[in-house]
């Protein structure tokens, strides 16, 4: 699989951006993602952060998932996204310019 230079750069940023301890209690997914993006901007030397988009298909009938996570140690942004999506049985995909979070069985 060929990975574009842009995607390689985003993967490097996801792995090198450290998110300090965080806590979500019954937080809507969109709000949790907004907070992670804010933390990524704060931790990024350029203050650009990482764009994370929640993509909910039109035919998705479930309510927006709520996130409950308590992490007491600093972790990479990529690990934080992995933990967040696993906790709600969703997935994420790293694109060239953003991370997409979507339901497990979406097309």
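State yes or no: is residue 45 closer than 28 Å to residue 6 by Cα and either without any contact (Cβ under 8 Å) to a residue 24 or more places away in the chain or more than 10 Å from the chain's Cα centre (by Cα) (or both)?
Numbers: closer than 28 Å to residue 6 by Cα: yes; either without any contact (Cβ under 8 Å) to a residue 24 or more places away in the chain or more than 10 Å from the chain's Cα centre (by Cα) (or both): yes.
Taking the combined requirement at face value, the residue satisfies it.
Under 16 Å from residue 31 (Cβ atoms) and touching a strand residue (DSSP E or B) at 6+ places or on another chain (Cβ under 8 Å), is that true of residue 65?
yes
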- Note on the structure: If we keep only residues of segment 95-107 that are more than 18 Å from residue 41 (Cβ to Cβ) and in contact (Cβ under 8 Å) with a residue 40 or more places away in the chain, then the residue surrounded by the fewest Cβ atoms within 10 Å (Cβ to Cβ) is 107
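Coordinate-derived values only; no laboratory data. Model, not experiment: these values are computed from the prediction. In this analysis, Cβ positions are derived from the backbone assuming ideal geometry, glycine residues included, and neighbour counts consider all displayed protein chains.
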